[in-house]
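Throughout, read-outs are computed from the coordinates displayed, never taken from laboratory work. Not measured: the values here are computed from a predicted model. Because the Cβ atoms are built from the backbone with ideal geometry, glycine has one as well, and the counts that use them run over all protein chains shown.
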Amino acid sequence: MPLVGIDLGTTFSCVACVGDGGVPTVIRDGQGNTEVPSVISFDGRDAYVGCAAVERKGVLPHTIFELFKRDIGKPLDSAHGGAAPYEVGGFKFGAAGMSAILLRYLKKQAIRHFRKTGELDETDDRKVALDAVITVPASFGDKERNETKLAGEAAGFRVVGMINEPTAAALAFGLGRKEELRILVFDLGGGTFDATLLRMASGVATVEATRGDNSLGGKDFDDLIERYLAAAAFRATGVHVPEERGFELQRHARRAKHELSECEQVEVAMTHGGEDLVLTLHRKSTHSSLRVRPSGENHEFYFEERSTDLLHRCRAICETLFDEVSIETKAGTRRVRWSDIDEIVLAGGSCRMPMIAEMIERVSGKRVQRHIEGFSYDTAIAVGAALYGVHREDVSDVLSHGMGVKVLEDGRPRVDCLVERDTRVPVTAERSYRAPAGAVLEVYEGESRAPDECELRGRLELNNPEGQVRIEMAWSSDGILRVLADFPPHGRRELEIKNEDFQFGRRLALLRERVASLTVHA
Ligand code: ADP
Ligand code: MG
């Protein structure tokens, strides 16, 4: 069965496969693009995805759905908190449903590709089974991973693996390399930032640690420009830019940002308050322009200067990551430093901004490769996922969060961690506890010892007699958790996890049916 690697991005998604001779190929859509905007637009039961949805954005903004990945794992009803459901044909699609529709579209692109290469026969699209490895941000917890898997299965994929995005990027970069390397993956996407340390040795990749921020990405750089444009337009005309023009400002800001990656200076032309305005944005403030700064308040826009805080945040996350990994030296054990890193891999579209590589080079004293043969910021994650699918036995990934159970310690509830974060998967952990009769097992995800600072992930009614209970937690390499409780001498009993908010099988059947009831235009 053909296999694809899918980078299910917040703003862009990408699909790749590994062709004959182990060479990765990025699958193109009907228009020849390798990247599909993660955007959906509805017209009744018709769903338009990717570029077709973006085209409708200007005309039918109220039918557009985007950035839904940020809401993955949030309950559907927290509509006011952001996870606004979209109603199609009387059914509310949440973030997982939206992802399923996007994935359905990506599956269509993949099927078309495999038909062309002769790997698939001409049959009904819905009956074609495809294996998929889907990537997720390192910061995703178990719940978000489950939701993503649900979306993949509902779209008609057999999800054979899920790996962290930075791991995938590193694989695309270094899977074929034989020397021992410590790699830092710096992935700055549209809405998220992830930093990961990996070891590569004789073709085997091991993640050492990974840290991220779910609310740091290209969007924050857009916002800087957008705010400047709004302020400058107001200064020039005395008229506030109304909210309904936000879309337009956003578009101007993003385009200007992209151009600033290529040019030192760009101009944004807009009409506001009855005036035609031309606003100039600069990439960096050179010495000479500082000297000719007009007296009084300076209203010039220097992109890199204004981005200092965002760059600091990226750097700080890298450095906390380094603190997590200790290395052995002749002088003893110490934390990782910039100088210990052999290669820095940039991933995510926002690394196109020259200031990113410049900042990393400044703090690390190392050269960052900007152009690597056969490697692109935009497609590396999908390519790595496809490679992972083919070389699954050579790769190990780590958990991003610890997992434990609630226990009573001196009468106070505590989370007893069975598996620490950064543990490699697959992994099985077990521990025995003394439990009263009819105990309820609560499974928590997080790093704190206080249950209310962690996330409750599942409850299991034990119906046990008083005595020892052995708890086993097992993660498969798809990152999905299974919990078992066992009380000898009664032997291992199968117990039902009463997980109120996640009933995979039932929801899958429902979602699959709903997605199938839509026409997804390829
Ligand atoms: P995600 O994986 O989060 O969906 P990507 O890795 O595809 O995102 O990156 C998307 C981000 O990259 C967007 O914020 C986009 O504006 C930014 N980006 C793409 N090309 C450029 C460029 N030439 N210069 C600056 N930013 C860019
Ligand atoms: Mg990405």
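With R₀ set to 45 Å, the beta-carbon distance separating ASP46 from HIS312 gives a calculated FRET efficiency near 0.50.
Under the definition of Cα pairs under 8 Å and six or more residues apart, what whole-number percent is the relative contact order of region 235-278? Walk me through the numbers before you get to the answer.
Working: 24 pairs, mean separation 17.8, N = 44.
Relative contact order, region 235-278: 40 percent.
Estimate the FRET efficiency between ASP342 and GLU420 by the formula 1/(1 + (r/R0)^6), using the beta-carbon distance for r and 30 Å for R0, to the nearest 0.05. All intermediate terms of the calculation are to be shown ahead of the outcome.
Working: r = 26 Å, r/R0 = 0.86.
It comes out at approximately 0.70.
Maximal additional length on extending the GLU300-SER215 stretch stands at 27.9 nm, based on 0.36 nm per residue less the C-alpha distance.
For the residues TYR444, TYR228, what sequence is obtained by ranking on other C-beta atoms within 10 Å, fewest first? Write out the running numbers ahead of the final one.
On the way: TYR444 25, TYR228 21.
Going from sparsest to densest Cβ surroundings: TYR228, TYR444.
Within 13 Å, Cβ to Cβ, of THR63, how many net charges do the neighbouring residues add up to if Lys/Arg are +1 and Asp/Glu are -1? Its environment carries a net charge of -2. For the peptides 515-521, 361-367, the ranking by mean Cβ contacts within 10 Å, running from highest to lowest, is 515-521, 361-367.
Placing a pseudo-label 7 Å from each Cα along the Cα-to-Cβ vector at THR117 and ARG335 gives an inter-label distance of 4.4 nm. Cross-link partners of LYS74 among lysines, defined as those whose alpha carbon lies under 20 angstrom from its own and excluding same-chain residues fewer than eight positions apart: LYS92, LYS143, LYS149, LYS498.
Between HIS62 and ASP125, the contour length at 0.36 nm per residue exceeds the alpha carbon distance by 19.7 nm.
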